[in-house]
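I have placed the structure first, in the form of structure tokens, so that the comments after it can refer back to it.
The values are calculated or read from the model by the stated rules, or taken from the named source; none is laboratory data. Here the structure is a predicted model, which means the values were calculated and not measured. Cβ placement follows ideal geometry from the backbone for every residue including glycine, while neighbour counts extend to all protein chains displayed.
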Amino acid sequence: MADLLSSVAAGLADLVLPGACASCGGAGSSRGVCQGCVAVLAGLVPHPTRPRPAPAGLPRCAALGEYHGVLRELILAYKDRGRHALARPLGRLLAPVVASLLPAGAAGSPAPRVVLVPVPDTPAAARARHGDHLWRLARPAAARLREAGLPVRLARPLRARPRPDSAQLDHAERAMAAGSSLRSRPWRASSLRRQLAARPAQVVLLDDVVTTGATLATAAAKLAAAGIPVAGAAVLAATRRRGA
């Protein structure tokens, strides 16, 4: 797992995209992301993050970097500008963030089992993005973790109901919107709870960006109510609130 934590650059090998740089818009290499932007990403190190103030029930969070510059532009290109091929490299960049949340076992001890639970898109967002964008990120993240020897599986015990665009909401409004939009899927949640009882694992939430933490706190609360404890939340980027 130590190798995984030090190999953020390994996820960049999959940035094979046509056209201009997906981040800065300049002339890219055959990768579609210019060498300067790749170098910026290669220097990122997963680190703990926590919004201030943090909502009640927010699990431990880790991010690859701050939501600005190259990382922000790549996330926006993937989510809102049709660069769907970025799902694989961005998903693989999530893997070391997940690994940073896992307990460090003694030498020779078995690797911890992991269950990745992506925060679901609303139906409208999934339609606009031609599919659930976090589920697309979760699959390459799981593949990268498996390559590092970690037993990983994916689960979808949550569903999202329609809600307003969070970009237009303040702190309190985000919390209200998140609290009313996420629901557990009873059958899937029960199945996951039984699996965890038989084979304990670290449940890690996945999201692309954490701002107020309201969505992640709500997701963790919904899972806890279904008997599924959450060990942490891994995100690509964390915003820095104005005035913080």
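Identify, please: which residue in segment 199-216 is modelled with pLDDT of 95 or more and hydrophobic (A, V, I, L, M, F, W, C) and is, among those, farthest from the chain's Cα centre (by Cα)?
Filtering first and then ranking leaves 201.
Among the residues in segment 97-111, are any within 19 Å of residue 219 (Cβ to Cβ) and either exposed (fewer than 13 other Cβ atoms within 10 Å of the Cβ) or acidic (Asp, Glu) (or both)?
No, because not a single residue in segment 97-111 is within 19 Å of residue 219 (Cβ to Cβ) and either exposed (fewer than 13 other Cβ atoms within 10 Å of the Cβ) or acidic (Asp, Glu) (or both).
From the list 55, 112, exactly one residue is under 18 Å from residue 239 (Cα atoms), touching a residue at least 60 places away in the same chain (Cβ under 8 Å) and not charged (D, E, K, R). Which is it?
Result of the check over 55, 112: 55.
Which of the residues belonging to segment 179-198 are charged (D, E, K, R), in a helix (DSSP H, G or I) and within 23 Å of the chain's Cα centre (by Cα)? Explain how you work it out, then say what you get.
Going residue by residue through segment 179-198, those that are charged (D, E, K, R) are 183, 185, 188, 193-194.
From what is left, the residues that are in a helix (DSSP H, G or I) are 188, 193-194.
Once the filter is applied, which keeps residues that are charged (D, E, K, R), in a helix (DSSP H, G or I) and within 23 Å of the chain's Cα centre (by Cα), segment 179-198 yields 188, 193.
For segment 36-56, indicate whether the set of residues that are part of a helix (DSSP H, G or I), touching a Leu at 6+ places or on another chain (Cβ under 7 Å) and surrounded by fewer than 17 Cβ atoms within 10 Å (Cβ to Cβ) is non-empty. Spell out the reasoning first.
Looking only at segment 36-56, we keep the residues that are part of a helix (DSSP H, G or I), and these are 36-42.
Still in the running and touching a Leu at 6+ places or on another chain (Cβ under 7 Å): 38, 41-42.
Filter again for surrounded by fewer than 17 Cβ atoms within 10 Å (Cβ to Cβ), leaving 42.
Scanning segment 36-56, I find at least one residue that is part of a helix (DSSP H, G or I), touching a Leu at 6+ places or on another chain (Cβ under 7 Å) and surrounded by fewer than 17 Cβ atoms within 10 Å (Cβ to Cβ), so the answer is yes.
Condition test on residue 219, is it crowded, with 22+ Cβ neighbours inside 10 Å and more than 12 Å from the chain's Cα centre (by Cα)?
Details: crowded, with 22+ Cβ neighbours inside 10 Å: yes; more than 12 Å from the chain's Cα centre (by Cα): yes.
Answer is yes for this residue.
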